[in-house]
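Following: one structure in structure tokens, then a few remarks.
The values are calculated or read from the model by the stated rules, or taken from the named source; none is laboratory data. All of these numbers come straight from a predicted model, not from anything done at the bench. For neighbour counting, all protein chains shown are included, and Cβ atoms are generated from backbone atoms with ideal geometry for every residue, glycine included. Heads up: the accessible areas ignore ligands, DNA and RNA and are worked out on the full protein's heavy atoms, side chains in. Shrake-Rupley method; radii C 1.70, N 1.55, O 1.52, S 1.80 Å.
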Amino acid sequence: MSTLTRALVDTHVVAKRNLLKILRVPEILVAVLISPIMFVVLFAYVFGGAIDPGDGVSYREFLIPGIFAQTVVFGATFTGAGIAEDMQKGIIDRFRSLPMSQSAVLAGRTASDVVYNVLSLVIMSLTGLLVGWRVHGTLLEAAAAFGLLVVFAYAVSWIMALVGVLVPSVEVINNASFIVIMPLTFVSNAFVPLDSFPEPLRRVVEWNPVSTLTQACRELFGNTNPAAPVPDAWSMQHPALYTLLCVGVILVVFAPLAIARFRSTSR
């Protein structure tokens, strides 16, 4: 068996082990699914009447793609927390004692978390439809939007995988991740129009990958006004391409760093 084939097989086994945990600890799945519903309902009914996105678009249709983007980013914290928990409980040490690919431990964790994000997106989509969100684009465009969300979530999970290896403490990871993720998601166009930001901050928002992910999803879902003016920033003119470039950079930088750090701690 080649090294690559062995790594893929080991990754599949680790991912399956993480998914089986859903059946044994269903409370994890409940927590994953309740949070998206809460955010959709909260913003749709509490802030829906107070915020006008302009351009003739309803706030609920403006909101749901932003909620999608926020949730997949928040969902990446499960990767870091899961790795940290396994390290605390000694499960990682058991993996290290086995004749298996070391990279499969992290690759299997990030792969299994894709399933969590897909489940969250399904629940959010159904909740969004109930509160008034509609998809006006084609089926292929909608599929592309969901695919972009999943790919971005997978990339961010590698950042959290590195954090989980560096800081093997669930409590620290949960606190530290919110310090980073909260500004990243709220200093974006996920919940309020881009024009509402003051000029210096607006430039930051325009190049925030969460903003471009949100904008790309709005365009693919058909939740924007085609006649509305397009921002001058290249990132907002080509949001899907810019988001994919960010995904590529994140994977190229953080996946090797996380694997290298994990291997160094196993020696």
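How would Asp195, Asp113, Asp10 line up by accessible area, probe 1.4 Å, largest first?
Numbers: Asp195 120, Asp113 5, Asp10 25 Å².
Sorted descending by solvent-accessible area, the residues read Asp195, Asp10, Asp113.
So for the pair Ser264, Val46, with labels modelled 7 Å out along Cα→Cβ, what separation do we get in nm?
4.2 nm
To test your reading of the geometry: what angle, between 0 and 90 degrees and rounded to tens, separates the Cα axis of helix 239-265 from the longest principal axis of the chain?
20 degrees
Using alpha carbon coordinates only, what is the Rg to Rh ratio of the range 113-155, with Rh defined as the Kirkwood radius? All intermediate terms of the calculation are to be shown ahead of the outcome.
Details: Rg = 10.9 Å, Rh = 11.0 Å.
So for the range 113-155, dividing Rg by the Kirkwood Rh gives 0.99.
What is the range 3-266's relative contact order, in percent, from Cα pairs under 8 angstrom and six or more apart in sequence? Spell out each step's value before the answer.
Details: 332 pairs, mean separation 74.7, N = 264.
So the answer I get is 28 percent.
Of Val204, Ile159, Leu19, which is farthest on the positive side of the dipole of the chain, counting Cα position, with +1 on Lys and Arg Cβ, -1 on Asp and Glu Cβ, and the Cα centre as origin?
It is Leu19, whose Cα lies furthest towards the positive end.
Taking the alpha carbon gyration tensor of the range 3-266, what are the square roots of 5 times its eigenvalues, largest first, to the nearest whole Å? Write out the running numbers ahead of the final one.
Details: eigenvalues 235, 72, 55 Å².
After diagonalising the Cα gyration tensor, the semi-axes are 34, 19, 17 Å.
So, with +1 on the Cβ of K and R and -1 on the Cβ of D and E, and no other charges, what is the size of the charge dipole of the chain about its Cα centre, to the nearest 20 debye? Walk me through the intermediate numbers first.
On the way: 17 positive and 16 negative charges, 241 e Å.
About 1160 debye.
Could you work out the helix-only [θ] at 222 nm for the chain, with each DSSP H run of four or more residues adding -39,500 (n - 2.57) and the total divided by the number of residues, to the nearest 500 deg cm²/dmol? Could you put the intermediate results ahead of the total?
Working: 12 runs with 201 residues, N = 267.
That calculation yields -25000 deg cm²/dmol at 222 nm.
In degrees between 0 and 90, to the nearest 10, how far off the longest principal axis of the chain does helix 170-186 point, with axes built from Cα atoms?
Approximately 20 degrees, to the nearest ten.
In Å and whole numbers, how far do the C-alpha atoms of the range 46-157 stretch along each principal axis, longest first?
Sorted from largest, the Cα extents of the range 46-157 read 60, 31, 21 Å.
Hey, how many Å between the Cα centroid of the range 101-166 and the Cα centroid of the range 183-262?
16 Å
For an R0 of 35 angstrom, estimate the FRET efficiency from the Cβ-Cβ distance between Gln237 and Val180 and round to the nearest 0.05. Write out the running numbers ahead of the final one.
Details: r = 27 Å, r/R0 = 0.77.
With a Förster radius of 35 Å, E is 0.85.
So for each of 142-151, 178-187, 78-87 I average, over its residues, the number of other beta carbons within 10 Å; can you give me the resulting order with the highest mean first? All intermediate terms of the calculation are to be shown ahead of the outcome.
Numbers: 142-151: 18.3, 178-187: 14.2, 78-87: 23.6.
Ranked from most to least packed, the peptides come out as 78-87, 142-151, 178-187.
Relative to the longest principal Cα axis of the chain, at what angle does helix 26-42 sit, 0 to 90 degrees, rounded to 10?
Taking the Cα atoms of the chain, the angle to 26-42 is about 20 degrees.
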